[in-house]
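Notes follow once the structure below has been shown.
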Amino acid sequence: MDLTILYRGPLASCDYDCPYCPFAKRRDTPETLRADRAALERFTAWAAAQTGDRLSVLFTPWGEGLVRSWYRRALVELSHQPHVARVAIQTNLSCRTGWLADADLGTVALWCTYHPGQTPYDRFLTRTRELAARGVRFSTGIVGLPAHLPHARRLRADLPAHVYLWVNAAEGHVYTDAEADAWTAIDPLFPYSRHPHRSAGLPCRTGASVISVDGDGTVRRCHFVRATLGNLYDGSYRAALAPRPCPLAFCDCHIGYVHLESLPLYDTFAGGVLERIPAGWPTPPQRPSNAGAAR
């Protein structure tokens, strides 16, 4: 079985104070951190044992995982498993990069977000250059707030050409066509993020070849649909895996709508769906033809 897993454990703390994030500067208790570590180690052991499957894993913690040694260790361990096609994590890149020397660079990847005002620009840029020098697969990105536009332009100019810089539409922000064009000049795929996608009743890979897993092993089709499919560790989820339409009216998060079969994003990101790297980059991908239409 080819299975993509989005894993999110109890961790809900971050070292940054972004005003658009509910987990800004939140500190987990020692008990929560111990529980998160135990849950991640259990998941890593389970994933390593699934030698009859082909797995792809994206860690999507509510907060910053790579400042915790157990996330770095999980990425390294899983990267060396021959049945793991990709293991990636969303990160603010605040931690050092030396630990990647122990990882299999053919399997591990990072999805790195730059948050202006939370870290010095030169520090973030230096980290990206370290990743590039090591040969690590990674994308970078930024939230498309108006105040972030000059930072995004500067970052695009300074990044190596082979590094994709994505832009996430700011939650609740309505973009004029001129504003959208400015962001699209940085990220040709920004039109996919500009509007929520109508998804009700449309086919989606989640629940069939893509699942979401929490720290207890509860399996759901994705992070945004609360109905459960079973449990990872007793295997009860497997009987529930099947194609099914999306039950929600809209999907407005990349880690959700990238799996919609009504969108061409599996082709656009072929080989880099989890780490958000378009196929053939740095050749600019084709823009969607209905960029201004609500979806």
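The values are calculated or read from the model by the stated rules, or taken from the named source; none is laboratory data. Fair warning: this is a prediction, and the values are worked out from it, not measured in the lab. Counting neighbours? That spans all protein chains shown, and the Cβs are built from the backbone with ideal geometry, glycine included. Each accessible area value is taken on the protein alone, full model and side chains, heavy atoms only, with ligands, DNA and RNA left out. Shrake-Rupley method; radii C 1.70, N 1.55, O 1.52, S 1.80 Å.
For the chain, report the accessible area per residue in Å² (1.4 Å probe, heavy atoms, rounded to an integer). Before the final figure, lay out the partial values.
Details: 12730 Å² over 295 residues.
Accessible area per residue: 43 Å².
Tell me, what does the Kirkwood hydrodynamic radius of segment 45-116 come to in angstroms if you use every pair of distinct C-alpha atoms?
12.5
Per-residue HN-Hα couplings for segment 167-184, Karplus 6.51 cos²θ - 1.76 cosθ + 1.60 at θ = phi - 60°, whole Hz, x for Gly and Pro?
10, 8, 4, 5, 4, x, 8, 9, 9, 5, 4, 5, 5, 4, 5, 5, 6, 5
Please list, in chain and number order, the residues 5+ apart from V108 or on another chain whose amide H is under 5 Å from its amide H, with Hs placed from the backbone.
V87
Take the alpha-carbon positions of segment 64-176, form their convex hull, and give its projected area averaged over all directions (one quarter of the hull surface) in nm². Show your work: numbers first, answer last.
Working: hull surface 31.1 nm².
Approximately 7.8 nm², given one-decimal rounding.
Could you point to the residue in H80, T113, A48 farthest towards the positive end of segment 1-156's charge dipole, with +1 and -1 charges on the Cβ of Lys/Arg and Asp/Glu respectively?
The listed residue farthest towards the positive side: T113.
Between C253 and E31, what is the spin-label point distance in nm, taking each point 7 Å from the Cα along the Cα→C-beta axis?
For the pair C253/E31, the computed spacing is 2.6 nm.
Rg to Rh for segment 174-288: what is it, with Cα atoms only and Rh by Kirkwood?
Numbers: Rg = 15.9 Å, Rh = 15.5 Å.
Using only Cα positions, Rg/Rh for segment 174-288 is 1.03.
Give me the Å³ per residue figure for the convex hull around the C-alpha atoms of segment 80-123. Don't skip to the answer; put the middle values down first.
Details: hull volume 3.2 nm³, N = 44.
Once divided by residue count, the hull of segment 80-123 is 73 Å³.
What per residue convex hull volume, in Å³, comes out for segment 1-152 when only alpha-carbon positions are used?
106
Taking θ as phi - 60°, what are the ³J(HN,Hα) couplings along segment 142-158 by the Karplus curve (6.51, -1.76, 1.60), each to the nearest whole Hz, with x for Gly and Pro?
For segment 142-158, the Karplus-derived couplings read 8, 7, x, 7, x, 5, 8, 4, x, 5, 5, 5, 5, 5, 4, 5, 8 Hz, x marking Gly and Pro.
Just to be sure I understand, if you calculate mean projected area of the Cα convex hull in nm² for this structure, which of [x] 20.7; [y] 14.3; [z] 17.8 do you get?
Among [x] 20.7; [y] 14.3; [z] 17.8, the one derived from this structure is [y].
Given a 1.4 angstrom probe, I'd like the percentage of the accessible area of the chain that is carbon and sulfur, rounded to a whole number.
Details: 6580 of 12730 Å².
Reported share for carbon and sulfur atoms: 52 percent.
How large is the helix-only mean residue ellipticity at 222 nm for the chain, computed as the sum of -39500 (n - 2.57) over DSSP H runs with n ≥ 4, divided by its residue count, in deg cm²/dmol to the nearest 500?
On the way: 8 runs with 76 residues, N = 295.
After summing the helix terms and dividing by the residues of the chain, the value is -7500 deg cm²/dmol.
So the label point goes 7 Å from the Cα of E261 along Cα→C-beta, right? Which residues of segment 205-238 then have their backbone N under 11 Å from it?
205-206, 208-209
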